[in-house]
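Structure first, commentary second.
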Amino acid sequence: MQTKTINEINEMYELEIDKIVGNIKKQGARKVLLQFPEGLKPYSTIIAEEVEKKTGCLCFIWLGDCFGACDVPLEVEGVGVDLIVQFGHSEWMFEGN
């Protein structure tokens, strides 16, 4: 598989990285879990690196299945993440916006 840049991935999927970065900073999140559908998982490390670079947070990537917004991984409770960001194919919805 050919490596893509964050700009190429963003053009394909409209990741809304700036919106994610803004919410991470607004909430002061230090540990962030990123959850991806299968189609985005090949790009997950590139996306995580971009988020970390722009926020200084530590990103964890959920490698389990993701069947939509209601599929929140309960197994992360012991990890102590401050925020979960789910990537999908629908418009972003953030609490408080």
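List of remarks:
- Within the range 84-94, the presence of a residue that is out of contact with any helix residue (DSSP H, G or I) (no Cβ under 8 Å at 6 or more places or on another chain), assigned to a helix (DSSP H, G or I) and either modelled with pLDDT under 90 or of a type in the set (Gly, Ala, Ser) (or both) is excluded.
- Of all residues in the range 1-12, those satisfying the criterion of being touching a helix residue (DSSP H, G or I) at 6+ places or on another chain (Cβ under 7 Å) and either among the charged types (D, E, K, R) or crowded, with 16+ Cβ neighbours inside 10 Å (or both) are LYS4, ILE6, ILE9, ASN10.
- Residues within the range 40-55 that are free of Cβ contacts under 8 Å to residues at least 24 places away in the same chain and either out of contact with any strand residue (DSSP E or B) (no Cβ under 9 Å at 6 or more places or on another chain) or aromatic (Phe, Trp, Tyr) (or both), tallied: 1
- Note on the range 24-39: residues that are surrounded by 20 or more Cβ atoms within 10 Å (Cβ to Cβ) and in a helix (DSSP H, G or I) total 1.
- Evaluation of ALA69 against (1) modelled with pLDDT of 95 or more; (2) assigned to a loop (DSSP other than H, G, I, E, B) (one fails), failing number: (1)
- Residue in the range 53-60 that is in contact with a Leu (Cβ under 6 Å, 6 or more places away or on another chain), modelled with pLDDT of 95 or more, assigned to a loop (DSSP other than H, G, I, E, B) and more than 18 Å from THR3 (Cα to Cα) present: no
- Restricting the range 19-48 to residues that are closer than 16 Å to LEU83 by Cα and of a type in the set (D, E, K, R), the residue that is farthest from the chain's Cα centre (by Cα): LYS26
- Residue in the range 4-14 that is at pLDDT below 95, outside any helix (DSSP H, G or I), more than 19 Å from VAL81 (Cα to Cα) and more than 13 Å from the chain's Cα centre (by Cα) present: yes
The values are calculated or read from the model by the stated rules, or taken from the named source; none is laboratory data. On a predicted model such as this, the values are computed, not experimentally measured, just so you know. FYI the Cβ positions are ideal-geometry reconstructions off the backbone, even for glycines, and counts take in every protein chain you see.
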